[in-house]
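Below is one structure; the comments refer to it alone.
Where a number appears in this text, it was derived from the coordinates with a stated rule and is not lab data. Quick caveat, the model's predicted, so the values are computed rather than measured. When we count neighbours, we look across all protein chains shown, and the Cβ atoms used for this are built from the backbone with ideal geometry, even at glycine.
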Amino acid sequence: MEIQNRRKRRVRAKLFGTIERPRLSVFRSLNQIYAQIINDETGKTLVSANSREIKKKKGKMEVAHKVGIIIADQAQEKGITQVVFDRGSYLYHGRVKALAEGAKKGGLKF
């Protein structure tokens, strides 16, 4: 757990979300995946999406990809086109990568 916290602090030290380029934060639990677009200047969550919103679940990778597309669509509605990707303490692999690719496919630029 300490190693994860150290990795998360190291990643977050390099990232900061502004109004022009907010931060896309990813949280992954055992069964669900959550994504938020955050403006760090004001400390407000602008857009959020999670895997519990999806009705038909086929597999964790496909669900993560759909969550990426959903968050990108919601961001487009709010006028957000560019974000800073915050993977947290997770490696850019598996469900985190699938969410990022879904967000890119939905129109977000990292």
(request) List every residue whose amide H lies under 5 Å from the amide H of residue 18, counting only residues 5 or more places away in sequence or on a different chain, with H placed 1.01 Å from N in the peptide plane. (result) 23, 40
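Within the set 78/105; 57/78; 14/55; 8/57; 14/60, which residue pairs have Cα atoms separated by over 24 Å?
Details: 78/105 17 Å; 57/78 27 Å; 14/55 36 Å; 8/57 29 Å; 14/60 29 Å.
Beyond 24 Å: 57/78; 14/55; 8/57; 14/60.
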(message) I'd like the Karplus ³J(HN,Hα) series for segment 13-18: coefficients 6.51, -1.76, 1.60, θ = phi - 60°, whole numbers in Hz, and an x wherever there's a Gly or Pro.
(response) 5, 9, 10, 8, x, 10
(request) Over segment 2-105, calculate the relative contact order: mean separation of alpha carbon pairs under 8 Å at least 6 apart, over the residue count, as a percent. (result) 32
(message) Based only on other Cβ atoms within 10 Å, what is the fewest-to-most ordering of 92, 34?
(response) 92, 34
(request) Go through segment 94-100 residue by residue and turn each phi into a ³J(HN,Hα) via Karplus (6.51, -1.76, 1.60, θ = phi - 60°); whole Hz please, and just put x for glycine and proline. (result) x, 5, 5, 5, 5, 5, 5
(message) Of the candidates 57, 97, 66, which one comes out as most mobile in a Gaussian network treatment of the chain with C-alpha springs shorter than 10 Å?
(response) 57
(request) Counting helices only, and only those DSSP H runs with n ≥ 4, report the 222 nm mean residue ellipticity of the chain as the sum of -39,500 (n - 2.57) divided by its residues, in deg cm²/dmol to the nearest 500. (result) -12500 deg cm²/dmol
(request) Compute the semi-axes of the equivalent ellipsoid of the chain, taking the square root of 5 times each eigenvalue of the Cα gyration tensor, and list them largest first in whole Å. (result) 20, 19, 11
(request) Would you please give the residues with an amide H less than 5 Å from that of residue 47, counting only those at least 5 places away or on a separate chain, with H modeled from the backbone geometry? (result) 37
(request) Kindly write out, for segment 75-87 in residue order, the coupling ³J(HN,Hα) from the Karplus curve 6.51 cos²θ - 1.76 cosθ + 1.60 (θ = phi - 60°), rounded to whole Hz, with x marking Gly and Pro. (result) 5, 4, 5, 8, x, 9, 10, 10, 9, 9, 8, 10, 7
